[in-house]
Each structure stands twice: as structure tokens, then as C-alpha cells.
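J.: Once you've had a glance at the structure underneath, I'll fire off some questions.
Readers should treat all values here as calculations from the given coordinates under stated rules, not as data from a laboratory. Please read all numbers here as calculations on a predicted model, not as lab measurements. Because the Cβ atoms are built from the backbone with ideal geometry, glycine has one as well, and the counts that use them run over all protein chains shown.
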Amino acid sequence: MDSIYWPSFFFFFFGILACVFAVGVLVSRNIVRMAFYLVLSLAATSGLFFLAGAEFVGAMQLMIYVGGTMVLLVFGVMLTSQERFVDMKTWAGDWVKAFLAGGALLFVLIYAAFSVPAWRGIERAEAEALPVAQTATPLGMGLVGARVDKLDPAVEAPRDGMSGYLLPFEIVSVHLLVVLVGAAYLARAKRKITARIE
Amino acid sequence: MDPAHYLPLLLGAAWLVPLVSFVIIWVGYSLPQMAGKRASYRTSKLGAYVATGSIVLSVVLSFFAMFGVWLPSNPLVDATHHGEVLEEQHAEDGHAAAQASSPFKMVAAESESHAAGEHANNPPPKYYSGEWYNLCTFGKLKLSIGYYIDALTVGMFCMVSLIASCVHFYAMGYMHDELHDFTDPEVTLSNGEQLKRPGRYHRFFQYLSLFSFSMLGVVIAGNMAMVFVFWELVGICSYFLIGFYIERHSASTAANKAFIVNRVGDFGMLIGMMALWSSLGTFTFGDATDEHGNEVKGVFSQLRTEQNDYQLAPADSMVEEQTRIAPHSVGESASADGPAEYNTAGQWLLLIAGVGIFCGCVGKSAQFPLHVWLPDAMEGPTPVSALVHSATMVAAGVYLVGRFYPVFSPEVLLVIAYIGCITLFIAATIAITAVDIKRVLAYSTVSQLGYMMLALGLGGWVAGMFHLITHAFFKSLLFLCSGSVIHAVHSNDMTDMGGLRKKMPITAYTMLAGCLAIIGAGIPLSTIGFSGYYSKDAIIEQAFSFGSANPKHIILQWAPVVGAAITAFYMFRLWYMTFAGKPRDQHRYDHAHESPRVMTGPLVLLAVFAIGVGWTLPGTNLNVTNLLEQARPVGTLETTHGTLLPDLVVPNEHESHLDKFRVPAGIAAFGTAASGLLLATIIYLWNLLNPDELKQSFRPLHNWLWNKWWFDELYDYVFVKPTLVLSGWMAKCDLKFIDSILHGAAALCRGGSQVVDKLFDQTMVDGTVNTFARGTWDFGLWLRKIQTGRLRQYVLFIVVGTVLLFVAITFVQGYLTAS
Amino acid sequence: MFELPLANLLTEPVGVAHYVTVGAIMFVCGVLCMATKRNALGILMGIELVLNGANLNFIAFGSPYLRSDANSLGLDGQLIALFVIVLAAAEAAVALAIALNFYNNYGTIDVDRADQLQG
């Protein structure tokens, strides 16, 4: 019996945590609890990111998602949380329909995941021999247009695979700005509309 | 003891004893009744004792035949490690004859000298055949009363007689209403009173005796003609028993329906028998020696000859016959380029024979499309339902498929598998919505029979027959339990029940054992479980093995798995609705009581069998699988390929026990059964989801299932109504034909012009335009309905679309890679 | 008795398939959230879960430690994941704004009440 391979152990730890809290979000009927479970699930996912060697993305996950987005969500929860919305009941029929469809989807996805032999993982010795790469710098360089991770002499055409993400980066920046302005506009306080639109 | 001498004697006696009881009751009660006298009710009980005593005697004789004669002379071989046996057998190829441990040594007496290890295909099982009495001989046609006894026959004798005697004992308690003048609460006479009639206690037992006798006759029969005679006897007995309360309209129609639907199937069976007889010239199954000392080959050895390595090949006479009937259908053997294994000469006749025989089984075993009679058959008293649904009537069909197995070509097996697959799915879905406790069980029977047929069709002979035996025990248990409940609350409707666990604990917990057995409860991948666990897992293993060999027929792999989930759901729905929760009808609940000992006794005995019939007797290798392995039909232990459909592969059954099929099959079976059980628990025990809300949101689906897929209405419209209209029309023609010729001629002219006007001007011209307009309008309205504006529904549409896309791509890819 | 491949679960490295499984579970939970929650914010949380499940797949496909062939997405996977995170933040902001607006206008956040687009 080999000794425990700790990355695998932590994968299962974080993976089960993420799944359990995701299911918690699903089955919980109280909106505040749902938000809380979502935070935990997202945080556990960032652990999975670290384990897969994506430490920068993991950190971003913690900061933007768990920090930023969740604060936003909780803010929304608080704004709209009145007694009658905190706990809204769903029809039994909807549950069953959703579970039938979701179960089929889950089956299809997992079936597909395990039907590719190359995805089953690598040998332990091979995994232990792999170097630990730092990804923050290459990511930053990739975003400003230089792919330092692809400076590989094996690639013959110099531009093949070398394109960076400068343009998408710029688009996303502008997009974020637009979104912030738009969100502020949408959510601004309005005069009360007395006649309900029916 | 010489089994060749004692087995026919013992089993023959076990078979005839119920007939004797039938005759005694007939002479004692029916003859005086015909003479206008009636036996007193006190002596009525005597008839029940005679019938019960006779069937108990049958049990004793059958078990003696099994344990005293068969097993000592044919020691069982542990067949759980087939792979090892296979290898071992290859290793000791030459000196296999000296070893008595290989299952392939179970050869018929005349091929004893044959070295078993020489080929992978199995020789005929050990059997004893012969005839007791020759009825008549017309040229080649010989009708005789004979026997064909192998391990399957002996096993079926034990099972049938045991269950029949449990039912007899149970009926002695259940039918006590018939011991005095009986007022039928369900029959109202024209003057508004309830029907009063003398009790018919003795007659019930008379029929039961005849029923047991007929079923045992089917099992022991040594030739097709005898099978057919007893087959019909079983049919007529079921007619009598289903129509026992003949005054009730529902009972008499149900009896008629059962009988007529069976006739449809029997017609096919006659065709199959004729096809076999006209080409092979014999009815007998086994080989025999005639009075001149010549060897007469039976059906099996003509179709699977020793020279041909026991592979199925149409006999020469069959090829001739097909050429004679259809000269143009001569097989491709005539053309030089066709390879030898695609020789289709005689295959079509073989297909007709096989499908024909199977048609009979479709009728008897209530397979789609002739499944409609079985759920109505519960109009009979509950003990009869138990007997019909487990050991006799429906078992006869599955048994016959098992008996005729060497005759079926891979194409026929494919037909059987698809029919079984459709049946198991349709019946299981209908059982979800039924609220009549017996109707749920009836549909579960149909579904389980579908399982057996599916297993047989996929090449899993032992799996199918094993499920037949385990199912017989747990289904008779379930029916007798439901009878006990009905006896207590005087209602069939599960919405009147609930909470009965406290009032009738024995019934509740024996029924729980039955439910766990039918869903195949057990520890996955282990050898610990209820009886259904072994047989159902064997079927699913075979389905996985078949599915991996035939990617085109992948649906046959997943149908039993899905069926397992549905089975678990409706069985526990039944149990929870009946025994758990709060009483729904306080009045009925207060009057409920546990049944008398004579009824609970059989329940406990059957529960013990339902739990343990799949187990191996400790310290021995005695279990049902090993026994059935002894009876494996000739030449079925080999992966066979279709001839008419060359890419069809029927895998060797022993391969299904390899880990690569066993592990996923075990996990799938356990997972689906557990999820069905969980869903039933969520809805009916924990009440987390409200069943009425579910009914509301699945209204169209619920209606569809509630009305049993509209099968009865469909048959009514397609067959019954046209027949009635046609016959009414004919009758009118007969009555008025002569008078109306002249009137008719005149009216015809006038009518003709009107018809032209109606048909052409109004219908065709106007109709076309209107239809288009209306069609467009309706289509638009229908499309509008999809746009519900509900966010959550749109999400579901996306999910369903994704899954469907995936499934479609998989299927297309499967076909592209397969072809 | 038990022949499940459970024994080497903890002693061998996991693969892409395991990550994809976790991602699939989160994805399906998110979809089911969207399909069953009547609260608009619940649906938003479902969307977050769905995005997160997809992200997990991107990371797994791009990771050098998880698969035995050379078809890894490489750093592209992580870059796409970053974009997804950023866009998710933007999406959350806009969706929240819509939800608040809906709440202001109708006095409820029950999405079943928002069926004016019904055909």
C-alpha cells in the first residue's frame, strides 16, 4: 500500500466541500443561507484552482468572486429581503421535472468525463517529477500581448500560438466600465410608479 | 435408484394426483348437483381438504424426485466461476471424460462416450424422455403422452407444487365466505336487490386442482402436441377462475378477455408448431427409440446436430420445405459468392417457427401487445391471482420459451428481447399511477415477465429462468399479502388504506420482504441479498454484455436499468401507501384485523423462500443457478451470430459474469433501485413532495399512464368496435337484404349524387382550403403555448435540449462507427 | 468481495475527469437552482454556480498536472477562466440592477410574476 498522495487527498477534500455546499445552495430555501453556502462553495473551488496549479486564478477567485461578487449579492439580498421573499416555496412538480432533466444532464456530463482515457490522470511518479510553475507572470504578460509561456523552439511559425490577449483585455476593461455605468443607471432611485403594469 | 425408472414414476404421480382430486370433487359434488341435489356446506370443507391434500402429496413427490433421485444421480457443479471452469476445461481437454466435475459432462446417455471438452459449445443436458401412452398414429403424425425430464422440469415441479399448495392453504381461509349462502355486494339485480347464491367453496378447489394438474402437464410434457393440449387446459382453467364471480359483469368480461386474447397468441403458436412439424416430422423434444429399435431424433437434436458442433442449423428437411413453399427464397448457398456462414437456406422457416412459438408465449405471459388481459385477470379471487401471476399461467409462457430455446435463432431471440423490453417499460410506467393494490401488482408482474423475456432474448437462459423461479416466490407472496389486506379492509383501493402496519404486522413485514425481493435489494457486488437481487443482477449483467457486443441495440442494455428504478418506486409507493403513514379511512382502519393463521402461515413460508431462494445451501453447492446450469439447453453456451442479420451477436452467458460487465451492472442496478426507493420515500413516507401537486403538474402524462397508454381503447377501436359494427351490419343485411334491393337501388342513385356533392364539392374543395387555414391557425396557437414567459421553464428547455443533442450525437456516432 | 477501484483513489493523482465531475456537479446544481428557485436572487446564485463549474473545467483542461496526453489548453485555460471571473462580476452587477429595478416596479422578486413576455 502506497502512502497517501496529499494533492489527491486535498482534491477530494475541497471537491467534496464544493459539491456539498453547491447542493446546499440548491436545497436550501432560505435566501440568506443560500448566499452563505455559495460563498463557501466558491471558496472551496478556489482551493481546487490552487491544486491544479492555477494559483493566480485561485487568488482572483477569492478576491473578485468571493470578495466582490458576493458582497454585491448579499447587498441585493439585504435590499430585497422581506419576510415573504426569504422563503419561497416551489411546486413539487417543478422539483421533479428539474431533477429529471438535471439528473440526465449530470449523467451525460460524468459519462463523457470518464469516457476519455487520457483524462483519467497520470502516474504518481510522473506527477511528482513535474516542476511547479509560477503562472502569475506569464498570465500578466499574456494579457498585455506577449506569450512568454509559448517561447518554445518547437513551434515553427513564430506567430503560431504566440497571440496574446491584449485586445480581449481591452474589450473587457471597456465592458466593465460600461457595465458599472449601466448598473448604476438601472438601479438608480426612481419615482414611484403607482399603476402596476399588468 | 435408477433415475430413468423412478423420475417418470414420481413426477408422473405428482402430476396426476391433482387430477384425481379434481375427479373426486367432481363425482362428490358436481354429479349430485347436476342431478338436482346439493352437498351440504359441512362436506364442502372436505373437498378443500382433498384438493389441498393432493397438492401437498405432489409437493412431497416432487421434492423426493429432486432430493432423492435427481440430485444423488446428478451431483451439482459449482457454476459461479464460469471463467475458471472454461479455462480448466480447455486445459484438461483430452482426459475430460474421466472427470465428472465439469458442467459439460452433463451429456445425454447416448452421447456419454463423447469427450466433452472438444468444443466450446455445450452438448444436450442430461434428460430422460419417453412416452407413457400412444394416443394415435396417422402416418407420420404421432400423438402421444410422453415426458421430457431434465433439471428444469424437476425444479419447476418443486416450485409450482410448492406455491400451489401455499395458495391452497391460503384459499381455505380466504374463501370462507363461500361456505354459506353468499350475497354478492357487487351484483345488483334488476329489482334492486343484491344477488344471493349458494356458496361455491368446493368448486373453487376443484378448479384449483385442475389448474395445478394442467400446469404440471405443461412442464412435464414430452412433445409439442401435449404441450399444446395442456397449454389450452391452463387457459380454460384461468377462464374458470378469473370468472369465478361469474355474475359480476367485470369478472365475466375479464374472463372472456383473457381467453380471447390468449387465442390470438395461440394461433401464432399453432403456426409455429405446424412449421416445425411439417419440416421436421416429429413433435417430440428428446430422442427416443421406437418399437423397431430405431433411434428417432427429437426436434432439438435435428436442429442442433452433434456433427454441426450443436450449432443451430436448419435441418435438410427444413431447407426442402422452405424451397417447396417459396421457391424464390432459396438461400444464398446457391450463389457461389455467399460465404458459408451466411447461408440463409431454411432460416426463414426457422424464423417463422420461432416467432410463431413465441406468439403463444406472448399471449400466455402477457407480453406487449397482448398484455391487456393480465391486469383485468385480478377480477378473480386473490388466491387465483397469486397462482396465475406467479407459478402457473404466466409462468407457462416463459417456461415454454425456455423449453424451446434450442429452436430459436438469434433473430428470433432479438424479437423476444425487444418485446420483453417494450413490455417491461410500458407495464412499469402504468404501475406508477395505479391505485388499486392488485392492479399495481398485476402490472409489476407484466413488467417482471418482460424482464424474463428480455433476459432470454439476450441469451441469458439461466438468468431468465432463475428470475422466473425467484419471481414466482415473491410475486405469489406479494399477491397473498395484498389479499390479506383486502380481506381486512374490504377494499382494493390504496387511497382507503394507510397505517395498517400496526394492525396487521405479519402481513406488513412479509410484504416488505416481498417488496425488497422484487426490487433486488442486496449489497452491491457482494453475494448477500434477497432472492431478486441475484436474478435481476444476472439479467442486467447479461444486458450489459449484450449491449457491449451490439452497440446498435444499446436500448436493450439500459431498459432493464431504468425499469429497476421504476420498479423500486412503485413497489415502495404501494407499501408506504398501504402500511405506513396515517390511516386515510378511519372507519376501515378500525375494522382491520390480522388474518387467521391459515392465511399468515403460507405468507411466512413464502417470505422465507422469497428471501432465500437465491441463496446457496450452506455447506453444499446447492443453489438454483447451479441446478439450472445443469439444464442449459443444447448448444446455447457459445457466442452466436445471426444469419439473416449478420451483425447481430448473442453473447455467451458465462461471459456476463466477467468483472467488466458485473461491476458496472451491479453498480447501475443498485444505484437505480436505490434512487427509485428514495424517491418513493421522499414522496410517500416523508411527504416532502406533495403527490397531488405532482399529479397536477404532470397532468397529460398522468392521464396517459392512468389510462394505461390507451391500449384498451385502442384495441376497442381497432378490433372490437369494427367487428361489432361489421357484424351488426351483416345482421342487418341478412334481415333486410331481400326487401331492400329495390329501395336500395333507388336510394343508391339519390345517395350517390349526394355523396358526390358531399365528398367532392363540400369535402374536397372546401375542406382542403379550410384544413390549411385551420392547420396554420392551430399550429400558431400551439407554438404560442411554448412561449410561457417563464424563466425557469426556459432553463429546463435548454437542459433538455442539451441532453437530447448529446443523445442524438451518440446514436448517430454509434451507427456511423457500427456500419 | 468489493472490487471497486477505490483502493488507489487516495494514493494516485487525480485526473481531468475528476475535476470535470466536480465541475459537472456544480454546473447541474446551478442549473437546478435556476430551474427551481422562484427568487430572482436565487437564480443569480445559480448562474454563479454554473459559471464556476465551467471555470473549473477550463482550469482542469489547462492544467499540466492532470492529463496524460499533450493536448492541454496550457495557459489559455487560465486566461479564459480569468475573463470568465471578470465577466461574471459584470454580469452580477447588471443582473442585480435588473432585479432591483424589477423589485422597485413590482414589489416582488418572484420571477414567476415576470411573465409579460408570454406568447
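J.: Short version: ³J(HN,Hα) in whole Hz for each residue of region A:10-19, in order, from phi by Karplus 6.51 cos²θ - 1.76 cosθ + 1.60 (θ = phi - 60°), x for Gly and Pro, what are they?
T.: Once rounded to whole Hz, the list reads 5, 4, 5, 4, 5, x, 5, 4, 4, 5.
J.: Sticking with this one: So if I restrict to the alpha-carbon atoms in region B:380-435, what is the Rg, and what is Dmax, the biggest pairwise distance, in Å?
T.: Considering region B:380-435 through its Cα atoms, Rg and Dmax are 14.4, 41 Å.
J.: In the structure shown, do any of B:Lys536/B:Lys708; B:Lys552/B:Lys708; B:Lys140/B:Lys257; B:Lys126/B:Lys552; B:Lys37/B:Lys503; B:Lys475/B:Lys503 have a Cα-Cα gap over 32 Å, and if so which? Kindly include the intermediate steps, with their values, before the conclusion.
T.: Numbers: B:Lys536/B:Lys708 25 Å; B:Lys552/B:Lys708 29 Å; B:Lys140/B:Lys257 37 Å; B:Lys126/B:Lys552 36 Å; B:Lys37/B:Lys503 43 Å; B:Lys475/B:Lys503 23 Å.
Cα-Cα > 32 Å for B:Lys140/B:Lys257; B:Lys126/B:Lys552; B:Lys37/B:Lys503; rest within.
J.: So, one more: Rounded, prolate or oblate: pick one for region A:57-133, where a ≥ b ≥ c are the square roots of the eigenvalues of its C-alpha gyration tensor, a/c under 1.5 means rounded, and failing that, prolate if a/b is larger than b/c, else oblate. It would help to have the intermediate numbers written out before the result.
T.: Working: a/c = 5.52, a/b = 1.44, b/c = 3.84.
Oblate.
J.: Work out the length of the dipole vector of chain C about its Cα centre, built from +1 on the beta-carbon of each Lys and Arg and -1 on the beta-carbon of each Asp and Glu, and round it to the nearest 20 debye.
T.: Details: 4 positive and 9 negative charges, 44 e Å.
It comes to approximately 200 debye.
J.: Let me ask something else about it. If you average the alpha carbon positions of region B:527-590 and of region B:607-650, how far apart do those two centres end up, in angstrom?
T.: Using only Cα atoms, the two centres lie 21 Å from each other.
J.: While we're here: Using only the C-alpha atoms of region B:120-191, find the volume of their convex hull and express it per residue in Å³.
T.: Values: hull volume 21.2 nm³, N = 72.
Dividing the Cα hull volume of region B:120-191 by its residue count gives 294 Å³.
J.: What does the structure give for C:63-73 when I average, per residue, the other chain Cβ atoms found within 10 Å of the residue Cβ?
T.: On the way: counts 5, 7, 11, 10, 6, 8, 5, 1, 1, 0, 0.
Taking all residues of C:63-73 together, the mean is 5.
J.: Go through A:Trp95, B:Tyr127, B:Ala455 and say which Cα lies farthest out towards the positive end of the charge dipole of the protein assembly as shown; charges sit on Cβ, +1 for Lys and Arg, -1 for Asp and Glu.
T.: A:Trp95
J.: Let me know the charge dipole size of chain B about its Cα centre in debye, to the nearest 20, where only the beta-carbon of Lys, Arg (+1) and Asp, Glu (-1) is charged.
T.: Numbers: 49 positive and 61 negative charges, 696 e Å.
Charge dipole of chain B: 3340 debye, to the nearest 20.
J.: What FRET efficiency do you get for C:Asp112 and A:Phe75 if R0 is 30 Å and r is their Cβ-Cβ distance, rounded to the nearest 0.05? Could you put the intermediate results ahead of the total?
T.: On the way: r = 24 Å, r/R0 = 0.79.
Once rounded, the FRET efficiency stands at 0.80.
J.: Search the structure for amide H atoms under 5 Å from the amide H of B:Val187, placed 1.01 Å from N in the peptide plane, and list their residues when 5 or more places away or on another chain.
T.: B:Leu195
J.: With only alpha-carbon atoms in the gyration tensor, what are the semi-axes of the equivalent ellipsoid for region B:627-720, in Å, largest first? Mind showing how you got there, number by number?
T.: Numbers: eigenvalues 315, 139, 33 Å².
Each semi-axis is the square root of five times an eigenvalue, giving 40, 26, 13 Å.
J.: Okay, next question. With the contact rule set at Cα under 8 Å and sequence spacing of 6 or more, what percent relative contact order holds for chain B?
T.: Values: 1323 pairs, mean separation 102.1, N = 819.
Answer for chain B is 12 percent.
J.: Choose one of B:Ala745, B:Val634, B:Val69: the residue whose Cα lies farthest towards the positive end of the charge dipole of chain B (beta-carbon charges +1 Lys, Arg; -1 Asp, Glu; about the Cα centre).
T.: B:Ala745
J.: Could you size up the charge dipole of region B:458-589 around its Cα centre, putting +1 on the beta carbon of Lys and Arg and -1 on that of Asp and Glu, and report it in debye to the nearest 20? Before the final figure, lay out the partial values.
T.: On the way: 10 positive and 5 negative charges, 71 e Å.
For this selection, approximately 340 debye.
J.: Right, here's the next one. Tell me, what does the Kirkwood hydrodynamic radius of region B:756-819 come to in angstroms if you use every pair of distinct C-alpha atoms?
T.: Details: mean 1/r = 0.0631 Å⁻¹.
That comes to 15.8 Å for region B:756-819.
J.: A further question on this structure: Can you report the principal axis dimensions of region B:528-614 using only the alpha carbons, biggest first, rounded to whole angstrom?
T.: Principal-axis extents of region B:528-614 (Cα, largest first): 57, 29, 18 Å.
J.: Ok, one more. Taking the alpha-carbon distance from A:Lys89 and a cut-off under 28 Å, which lysines remain once sequence neighbours fewer than 8 residues away in the same chain are dropped?
T.: Cα-Cα hits under 28 Å: A:Lys97, B:Lys582, B:Lys695, B:Lys785, C:Lys37.
J.: Pairwise over distinct Cα atoms, reciprocal of the mean inverse distance: report the Kirkwood radius of region B:563-697 in Å, one decimal place. Could you put the intermediate results ahead of the total?
T.: Details: mean 1/r = 0.0503 Å⁻¹.
For region B:563-697, inverting the mean 1/r across all distinct Cα pairs yields 19.9 Å.
J.: Now, a different point. Tell me, what is the percent relative contact order of region B:485-624, built from C-alpha pairs under 8 Å that lie six or more residues apart? Spell out each step's value before the answer.
T.: On the way: 169 pairs, mean separation 57.9, N = 140.
It rounds to 41 percent for region B:485-624.
J.: Got the relative contact order for region A:1-137 handy, in percent, Cα pairs under 8 Å and 6 or more residues apart? Can you show the working numbers first?
T.: Numbers: 84 pairs, mean separation 32.2, N = 137.
Dividing the mean separation by the residue count of region A:1-137 yields 24 percent.
J.: Can you give me the long-range amide H partners of B:Val296? Hydrogens built in the peptide plane at 1.01 Å from N, cutoff under 5 Å, separation of 5 or more residues or another chain.
T.: B:Ala288, B:Thr289, B:Asp290
J.: If you find the alpha carbon centre of region B:662-719 and of region B:767-782, how far apart are they in angstrom?
T.: Taking the Cα centre of region B:767-782 as reference, the centre of region B:662-719 is 35 Å away.
J.: Shifting gears a bit: Which residues' amide hydrogens lie under 5 Å from the amide hydrogen of B:Phe368, considering only partners 5 or more residues apart or on another chain, with H built in the peptide plane?
T.: B:Thr423
J.: Okay, moving on. Could you estimate the translational diffusion coefficient of chain B from the Stokes-Einstein equation, with Rh from the Kirkwood formula over C-alpha pairs, at 20 °C and 1.002 mPa s, in whole µm²/s?
T.: Working: Rh = 28.8 Å.
Answer, rounded: 74 µm²/s.
J.: Give the average over all directions of the projected area of the C-alpha convex hull of region C:35-119, one decimal, in nm².
T.: Numbers: hull surface 29.7 nm².
The orientation-averaged projected area of the Cα hull of region C:35-119 comes to 7.4 nm².
J.: Please compute, for peptide A:24-32, the average count of beta-carbon atoms on other protein chains lying within 10 Å of each residue's beta-carbon. Walk me through the numbers before you get to the answer.
T.: On the way: counts 1, 11, 13, 4, 3, 5, 1, 7, 1.
Average neighbour count from other chains, rounded to a whole number: 5.
J.: Given labels modelled 7 Å from the Cα in the Cβ direction, how far is it in nm from B:Val800 to B:Leu617?
T.: Taking the two extended label points, one gets 5.5 nm.
J.: Per-residue HN-Hα couplings for region B:664-675, Karplus 6.51 cos²θ - 1.76 cosθ + 1.60 at θ = phi - 60°, whole Hz, x for Gly and Pro?
T.: Residue by residue, region B:664-675 yields x, 5, x, 5, 5, 4, 5, x, 5, 4, 5, 5 Hz.
J.: Sticking to Cα atoms, compute the Rg of the protein assembly as shown to one decimal and its Dmax as the biggest Cα-Cα distance, whole number, in Å.
T.: Radius of gyration, then largest Cα-Cα span, for the protein assembly as shown: 35.2, 112 Å.
J.: Shifting gears a bit: Label points 7 Å out from Cα along the Cβ direction at B:His5 and A:Met141: separation in nm?
T.: Spacing of the two 7 Å Cα→Cβ label points: 9.8 nm.
J.: Averaging over all projection directions, find the projected area of the Cα convex hull of region B:1-64 and quote it in nm² with one decimal place.
T.: Result: a mean projected hull area of 4.6 nm².
J.: By per-residue mean of other Cβ atoms within 10 Å, what is the highest-first order of B:483-493, B:132-142?
T.: B:483-493, B:132-142
J.: Once the dipole of the protein assembly as shown is set up with Lys and Arg at +1 and Asp and Glu at -1 on Cβ about the Cα centre, which of B:Tyr148, B:Leu645, B:Gln696 lies farthest towards its positive end?
T.: Of the listed residues, the answer is B:Gln696.
J.: Apply the Karplus curve 6.51 cos²θ - 1.76 cosθ + 1.60, θ = phi - 60°, to the phi angles in region B:656-661 and return the couplings in whole Hz, x for Gly and Pro.
T.: 5, 8, 5, 4, 5, 9
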